[in-house]
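Engineer: Mind having a look at this structure? Questions to follow.
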Amino acid sequence: MRIVYYIIVILLLSSCTMFKKEISRPVTVFVDQTIPLPHNSNNGIAVKYIGNVSDQAIGEGFMKNFLQEAGNTKNVTLVQDENNAEFTLKLVSFDITENSKSETINDPKSPNNGQQVVLNSVDCSVSYKLILNKNKNKNLMACSNIKSRSEKLKNNRDVGDLIFGTNKDRSQYRTKLMSDNICLNLAEDVGRRIWVPITRRIAKNLKTK
């Protein structure tokens, strides 16, 4: 069982990029490696996560994983001179948004029954424009990716319940918070995941030549 567990974990960690399209031949890509700063939006009742990590650190985390995944993409080479590149990637948007939603506890046996709980969520989305340098007017479509995480309403027993023998009927509810670093974590994930649509756009262009 332990071996199966490790296999599942490895698959989950790699799932964000396992669907990259194979690039049939070597291509050169220019991308501005200036650290991007996210545009932050708060549509929630109260901010919990935006601002916990600096925009600079979030941008650095995104770019580090973006460049690392580029280096792991077969037949793709990033170059410093746009004039020597077959393709150019230009950042269109880099957004982090925090939202809130209200959820009602529906459990007649719970003292919390009917209570409304506010749950926050965070989205990180990135979009790049892919340009064919020899024909800059050719529209190759945008390459976009989004990753979201949300607080959860839970009634399972925690360590304290197990120690003190409480909440055996699971009638007590609580909010499972996210990591204080969730904005950074999502940006790092998106930095890797964005290479899935990028490789698909490049591969499609090579196929149509």
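Any read-out appearing in this document is the output of simple, stated calculations on the displayed coordinates, not a laboratory observation. It should be emphasised that the depicted structure is a prediction, and the values quoted were computed from it without experimental measurement. When we count neighbours, we look across all protein chains shown, and the Cβ atoms used for this are built from the backbone with ideal geometry, even at glycine.
Engineer: Taking the Cα centre of the chain as origin, work out the dipole magnitude from +1 charges on Lys and Arg Cβ and -1 charges on Asp and Glu Cβ, in debye rounded to 20.
Structural biologist: Its charge dipole is roughly 980 debye.
Engineer: How far apart, in nm, are the 7 Å Cα→Cβ label points at LYS134 and SER148?
Structural biologist: Distance between label points: 4.1 nm.
Engineer: Using a simple charge model, +1 on the beta-carbon of Lys and Arg, -1 on the beta-carbon of Asp and Glu, nothing else, what dipole does segment 69-175 show about its Cα centre, in debye to the nearest 20?
Structural biologist: 260
Engineer: Right, another one. Placing +1 on the Cβ of each Lys and Arg and -1 on the Cβ of each Asp and Glu in the chain, which of ILE45, THR199, ILE163 has its Cα farthest towards the positive end of the resulting dipole?
Structural biologist: Positive-end residue among those listed: THR199.
Engineer: Let me ask something else. Given a Förster distance of 30 Å, report the FRET efficiency between MET141 and ASN181 from their Cβ-Cβ distance, rounded to the nearest 0.05.
Structural biologist: Efficiency, rounded to the nearest 0.05: 0.40.
Engineer: Give, in nm to one decimal, the length gained when the segment between PHE19 and THR34 is fully stretched (0.36 nm per residue of separation minus the Cα-Cα distance).
Structural biologist: Taking PHE19 through THR34 to full extension adds about 2.7 nm, to one decimal.
Engineer: Give the separation of the Cα centroids, segment 91-163 to segment 42-87, in Å.
Structural biologist: 19
Engineer: Using the 10 angstrom Cβ neighbour count as an exposure proxy, how do ASP81, ASP95 rank, fewest first?
Structural biologist: Starting with the residue having the fewest Cβ neighbours, the order is ASP81, ASP95.
Engineer: So how do 45-56, 122-133, 98-109 stack up, highest first, on mean other-Cβ count within 10 Å?
Structural biologist: Answer by packing, highest mean first, reads 122-133, 45-56, 98-109.
Engineer: Which entries of LYS64/LYS207; LYS74/LYS129; LYS64/LYS134; LYS101/LYS129 show an alpha-carbon separation above 24 angstrom in the structure shown?
Structural biologist: Result: LYS64/LYS207; LYS64/LYS134; LYS101/LYS129 exceed 24 Å.
Engineer: Something else: For segment 69-191, just say rounded, prolate or oblate: build the C-alpha gyration tensor, square-root its eigenvalues into a ≥ b ≥ c, call rounded for a/c under 1.5, and beyond that prolate if a/b exceeds b/c, oblate if not.
Structural biologist: prolate
Engineer: Assuming R0 = 22 Å, can you tell me the calculated FRET efficiency for the pair LYS168 and VAL118, based on Cβ-Cβ distance, to the nearest 0.05?
Structural biologist: The formula returns an efficiency of 0.20 here.
Engineer: For LYS109 and LYS90 in the same chain, what is the full-extension length gain: residue separation times 0.36 nm, less their Cα-Cα distance, in nm?
Structural biologist: 1.4 nm
Engineer: Assign unit charges at the C-beta atoms only (+1 for Lys and Arg, -1 for Asp and Glu), then state the dipole size of segment 140-199 relative to its Cα centre in Debye, rounded to the nearest 20.
Structural biologist: 200
Engineer: Separate question: Apply 1/(1 + (r/R0)^6) to the Cβ-Cβ distance of VAL79 and SER41, taking R0 = 35 Å, and write down the FRET efficiency to the nearest 0.05.
Structural biologist: 0.55
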